[in-house]
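Take a look at the structure set out below.
Nothing in this text is a laboratory measurement; each read-out follows from the coordinates by a stated rule. Source: prediction; values computed, not measured. Note that we place each Cβ from the backbone using ideal geometry, even for glycine, and neighbour counts take in every protein chain shown.
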Amino acid sequence: MSDALMILINQIVTYGYYAMTLLFACALAWNLRKTRDPQEAVLYAVILIPFILRVLHVK
Amino acid sequence: MFAHAYMILGIVVAAFLAAKVLRLSTELSMLAAAFAAAVYHGVVWSGEFPLRHIVEGTFTYFDVCLIFISATFFMALVKESGGVAFIVRRIVGAFHSHRFICLLLLTFVMLIPGALTGSGATSVLTVGALVGSVLSAMGVDETRKAAAIFMTAAMSAAAPPINLWAMMAAAGANMPYVGFNGPLAVLSLLGALFSMFWLAGRASSDAHISREDALARLPEAPEGMNWLRVLLPFVVFGGLLAAGRIWPFDFPIIGLPMIFMLSACMVWLLSPVKLRVWRVLSDTVRNLLPLVGIMVVVGALIQILALSGARGVISLHVVILPLTTLFATLFIILPVSEGILQYAVAPLLGVPLIMLFNMKGMDPIVALSAMSVLWPLGDCLPPTAVIGRAAVMELHYEGRYYSDFVRACLIPMLFIAVCCTLFLIYSKQLAFLAV
Amino acid sequence: MDRLTRIKWIAAVLCAASALWAGVEFYEMRHYKEPVVLGPGVTQVQKLSAYEPSLAGTVNDCNVYILDSGRPGGTVLLIGGTHPEEPATNLTAQIFVENAKPEAGRLIVVTRANTSGSLYSRNGEAYPSFYEIKTSWGSKKWRLGDRAGSPLDSWPDPEVYVHYPSRQLLAYMDIRNLNRCWPGRPNGLLVERTTYGMAQMIRSLGVDVVVDLHEAELEYAVENTIVAHEKAQEIAAMASMMLTSTEFEVPIGMEFSPTALHGLSHREVGDHTPAMSLLYEVAEPLLDRIRGVTDQKLVLEGKDDFVVEAGKHKLLYAPIDENGWHIDVRVGRHISTFLQCLDIFSMMNPERTITITGVPRYAEVKEKGVGAFFHDPSKAAKDRVEYD
């Protein structure tokens, strides 16, 4: 495999990770919307922070 | 500086207890403790509220959270597709009359999810209920059954290849996570097998349950399920892991979470029943809320402790303890601290201990492995008790939590604690395991 | 709106506001450019991508400062910022860029070897994002950063990092640690390609000596020392003796580069390029796990009561008292050690002499402070200011 192709595939894997993080963030947000427990709701919101900042390529 | 650090620790404890009194969950109580400490540090020391540090701390175990979620999602899909029911029915069908072999295989079924994911909760949530059904069918009473599920799940978290305590402590001590498989395997297998045979080795009731009755208590595997469909996703998982090791310079770096997601795709493709993937994912995230929540919040708390010097003062007091005192108390300190702080104990106590052990000429890999098998024993202890709570919930256990369930775990825990302490004391002589 | 919905909205808004608040600081750190005033000796500024094209457009396409005397002699490469959380390293390198005048031979300087790691702060460690040093013309600001490259630039990590070409297994995050990625590989992740680019540069520019600057926690055994590849052992031994007897209050030691430990510059540069390799360590209390309050003061002054207490229990590999390990002391030691090694190299290889003037030695840095050796970018000609 050429060097450039390998770098490209690794880049695609990285994009895959952003997609995966977004998917998990959506699942967290979905559960935040659905939960009937206020404490769970707060915890979902807190957990979402790193997921969102990573998807936005901030941290 | 000492006074400030002690004050921060006092505030953390007080805020945590106050939040618990107000009936906040353990995760939110820890968050409240982190905020209270941050406010005090901001007012007294730095003059600004360290919100950046709280947010940054939530990232500390981000990759670990991704592994948790993706691995549990994979195992949940295997369960949803009927794969777990298929495996368990086959074990019961083939080995019902051979109690020894049956328990042996059930122990391995319990160990695999946690060993692959580093999370005992994954074992409980994916295979715990089914293995519990088999144990019931084998005449094991409810308390011993719950204890056996918890103990094997705890050992599954400790089992290699992924032991998160060892990984986190090794990372903090700038030590490669290499050579741990041997000592971790010996200790976790010993612990899991002893627990399973001690707790479920003999039936509590005299009634003999026939193979047919036992099978009737288990859910049916869906039509069309076969070994190929069950095993192929695991082959993909093992294959991708192996490829990265065999051709490390000619194979892309995929990472564990993506490997789990690709294996999950295989489960989805091969499942004989239509899988509701989004529902499974959202259920996975809901089931993991306490675990992921604690990782995120503990990260924030640890960062505030590091910022204010409270982490340093804890580490300092640990490393200046005499070795004999450590050996005599670690088997209590580690599980209790795990009950309080979960995985956060690995960087908090594990790193300074490893540096100390290294300095004293002990084998750091064997010593850290022993500690990393002691830690999960605390997963049934308050205030967090994540795996213990998950086990009793999943098995619909109705007995008393401490006086029945935790009490039933005490003898296996003691056995494991003795083994681990011996590994600590004789780490140098056991260094041959760390290859 | 019922109570539950209200709680959900309040939680969501508060968390979003917290993320935004912190996000602004993360963004600032990631996009802050450090001005470097090109000193009288700088003859050319290259990009590392000249030696490894795949780095072009990435954050690790760092500046390579070339200070050529125009006279015959040897070539030395000084690497700062391998681990960005070790600020004495990039500050030392930058002092050479802003002040050094080569009289013979050629000096090549990289101030931010792993720029990616300098663009974010290590999670869980509570490091300050920036630190500022007072100068005669105001205060000058640098990013602190992490030991390893940022996951924003290199994600994911493997479950275990297999080092190229030794196949030694290392911790997963070390694939972003520049001093575990030597000699690098052209099809690897970002940091592996960065070291590959530097190794290519060493080969193509005919570098004789490579010096990689570091700082270490006092709990770590390799401390206040020069770690030398076999090719550089004599230089390291002589430098350590001379510096200890003439300049430093706290001795500097000398250690052989272990042959079985891979990925480190002192081993791989010597093994895989024609250059000889040296690595310097100086004590930095910020890196100790047992440290107290973590702030800019600790970064710069290196004073810590908890580390002092650990020293009383003989748990440290370097001495520390209430004066700590000030940044002036750490930078001064690195500068003197570098100049001493060059003197000895030149003495042993007269045809490859490298002579550098214009930079202060330990005593002068300690007396005047590091801030005295950085120049005001607003007063410099625009074409004499670069950004890292």
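Cβ crowding within 10 Å, taken as a proxy for footprinting-reagent exposure, orders C:101, B:274, C:134 from fewest neighbours to most as B:274, C:134, C:101.
For region B:23-119, what is the convex hull volume of the alpha-carbon atoms per residue, in Å³?
Numbers: hull volume 14.4 nm³, N = 97.
It is 149 Å³ per residue.
Nearest 5 is fine: what % of DSSP beta bridges in chain C come out antiparallel, could you say? Don't skip to the answer; put the middle values down first.
Values: 26 of 45 bridges.
Here the share of antiparallel DSSP bridges comes out near 60 percent.
Straight-line cross-link partners of residue C:303 among the lysines, defined as a Cα under 20 Å from its Cα and at least 8 positions apart when in the same chain: C:134, C:312, C:314, C:366, C:368.
Computing Rg and the Kirkwood Rh from the Cα coordinates of region C:78-230 gives a ratio, Rg/Rh, of 0.97. Qualifying trypsin sites (Lys or Arg not before Pro) in region B:335-401, where qualification requires a DSSP coil assignment and no more than 15 other C-beta atoms within 10 Å, comprise B:360, B:400. Highest GNM mean-square fluctuation among C:351, C:255, C:281, for chain C modelled with Cα contacts below 10 Å: C:351. With only the Cα atoms considered, region B:148-303 has a convex hull volume of 195 Å³ per residue.
Pull up the DSSP beta bridges for the protein assembly as shown and report the antiparallel fraction as a percent, rounded to 5. Please list the in-between numbers first.
Working: 26 of 45 bridges.
Given both bridge residues lie in the protein assembly as shown, the antiparallel proportion sits at roughly 60 percent.
Fewest to most neighbouring Cβ within 10 Å: what's the order for C:143, C:384, A:54? Let's see the in-between values first.
Details: C:143 26, C:384 15, A:54 21.
Lowest to highest Cβ neighbour count: C:384, A:54, C:143.
When chain A is treated as a Gaussian network with alpha carbon springs shorter than 10 Å, the biggest mean-square fluctuation among A:23, A:43, A:32 belongs to A:43. Less than 5 angstrom separates the built amide H of residue B:162 from those of B:118, all sequence-distant by 5 or more or on a different chain.
Over region B:153-220, what portion of Cα pair distances is larger than 15 Å, expressed as a whole percent? Show your work: numbers first, answer last.
Values: 1507 of 2278 pairs.
Considering region B:153-220, 66 percent of its Cα-Cα pairs are separated by more than 15 Å.
In summary, the aspartates and glutamates within cross-link reach of residue B:360, defined as a Cα separation below 14 angstrom excluding same-chain residues under 8 places away, comprise C:219. The alpha-carbon atoms of region B:95-180, seen along their principal axes, cover 49, 22, 17 angstrom, with the largest extent given first. Taking the number of Cβ atoms within 10 Å of each Cβ as an exposure proxy, the fewest-first ranking of A:36, B:276 is A:36, B:276.
Dividing the Cα convex hull volume of region C:1-50 by residue count, how many Å³ per residue is that? Before the final figure, lay out the partial values.
Details: hull volume 4.4 nm³, N = 50.
Cα-based convex hull of region C:1-50, divided per residue, equals 88 Å³.
The loop-placed GluC sites (Glu not before Pro) in region B:137-235, going by DSSP, that have at most 14 neighbouring Cβ atoms within 10 Å of their Cβ come out as B:220, B:223. When every Cα-Cα distance of region C:283-388 is counted in 10 angstrom steps from zero, the calculated P(r) takes the values 13, 29, 29, 21, 7, 0 percent.
Spin-label model, residue C:367/residue A:37: points 7 Å from Cα along the beta carbon direction are separated by 6.8 nm. Note on chain B: GNM, Cα springs under 10 Å; of B:367, B:192, B:36, the largest mean-square fluctuation is that of B:36. The calculated P(r) of region C:70-166, using every Cα pair and 5 Å bins from 0, goes 3, 12, 16, 18, 16, 14, 10, 7, 4, 1 in percent.
Between residue B:246 and residue C:44, what FRET efficiency comes out of the Förster formula 1/(1 + (r/R0)^6) with R0 = 35 Å and r the beta carbon distance, rounded to 0.05?
Details: r = 44 Å, r/R0 = 1.25.
E between residue C:44 and residue B:246, to the nearest 0.05, is 0.20.
P(r) for the protein assembly as shown: what percent of alpha-carbon pairs falls in each 10 Å bin, starting at zero? Binned Cα distances yield the sequence 2, 12, 22, 25, 19, 11, 6, 2, 1, 0. Kirkwood-type hydrodynamic radius, chain B: 22.4 Å, calculated from all non-identical alpha-carbon pairs.
The Cα atoms of region C:42-381 give a gyration tensor whose axes a ≥ b ≥ c have a/c under 1.5, which makes the shape rounded.
At 222 nm, what value in deg cm²/dmol follows for the protein assembly as shown if DSSP H runs of at least 4 each add -39500 (n - 2.57) and the sum is divided by all its residues, to the nearest 500? Please list the in-between numbers first.
Working: 34 runs with 479 residues, N = 882.
My calculation for the protein assembly as shown gives -17500 deg cm²/dmol from helical runs alone.
Directionally averaged projected area (region A:3-55, Cα convex hull): 3.5 nm².
Under 5 Å between amide hydrogens, built in the peptide plane, is the criterion, and for residue C:253 it picks out C:225, C:226 among residues at least 5 positions away or on other chains.
What are the aspartates and glutamates whose alpha-carbon lies under 20 Å from the alpha-carbon of residue B:428, with same-chain residues fewer than 8 places away excluded? Result set, ordered by chain and number: B:363.
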